[in-house]
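Structure first, then comments.
The values are calculated or read from the model by the stated rules, or taken from the named source; none is laboratory data. Everything numeric in this text was worked out from a predicted model, so none of it was measured. Neighbour counts are summed over all protein chains in view; Cβ atoms, including those assigned to glycine, are modelled from backbone coordinates with ideal geometry.
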């Protein structure tokens, strides 16, 4: 199972918008992977929830800030679309729903 090796917020133009980078450590024979994501959060008061959207950047900049180039020693995964919904069900109970399309680029990049 891969483990999170590094997580960093690269750019934070607002409280609810971020550019983040994750690096995952995979066991041999798979090489390590990195993921760079544009993230946006939307509070939904009616359902006591928050909706987070995630996607790999499709442009070289995010609001004028440069998106980092892929690292030479890592394979960059693509996430064309991702969504996380956090909903408070009870004071001590939260439901987390995750839907994500991920291309880990395993073919030809081991």
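If residue 60 meets every condition in (1) without any contact (Cβ under 8 Å) to a residue 24 or more places away in the chain; (2) crowded, with 16+ Cβ neighbours inside 10 Å apart from one, which number is that one?
Against the list (1) without any contact (Cβ under 8 Å) to a residue 24 or more places away in the chain; (2) crowded, with 16+ Cβ neighbours inside 10 Å, residue 60 comes up short only on (2).
Taking residue 68 and the conditions (1) loosely packed, with under 11 Cβ neighbours inside 10 Å; (2) under 15 Å from the mean Cα position of the chain (by Cα); (3) not in a strand (DSSP E or B), which numbered condition does it fall short on, given that it satisfies the others?
Going through (1) loosely packed, with under 11 Cβ neighbours inside 10 Å; (2) under 15 Å from the mean Cα position of the chain (by Cα); (3) not in a strand (DSSP E or B) one by one, residue 68 breaks only (1).
Among the residues of the range 76-108, write down those that are touching a residue at least 40 places away in the same chain (Cβ under 8 Å) and closer than 12 Å to residue 36 by Cβ.
Correct list: 76, 77, 79.
Does residue 79 satisfy the condition of being out of contact with any helix residue (DSSP H, G or I) (no Cβ under 8 Å at 6 or more places or on another chain), within 20 Å of residue 23 (Cα to Cα) and in a strand (DSSP E or B)?
yes
Just wondering, is there one or more residues in the range 5-23 that are over 16 Å from the mean Cα position of the chain (by Cα) and at pLDDT below 90?
no
Look through the range 50-65, keep the residues that are more than 14 Å from the chain's Cα centre (by Cα) and not in a loop (DSSP other than H, G, I, E, B), and return whichever of them is farthest from residue 34 (Cα to Cα).
50
Among the residues that make up the range 32-46, is at least one of them closer than 25 Å to residue 65 by Cα, in contact with a strand residue (DSSP E or B) (Cβ under 7 Å, 6 or more places away or on another chain) and part of a loop (DSSP other than H, G, I, E, B)?
The answer is no; no qualifying residue exists.
Of all residues in the range 10-30, which are free of Cβ contacts under 8 Å to residues at least 12 places away in the same chain and surrounded by 10 or more Cβ atoms within 10 Å (Cβ to Cβ)?
12
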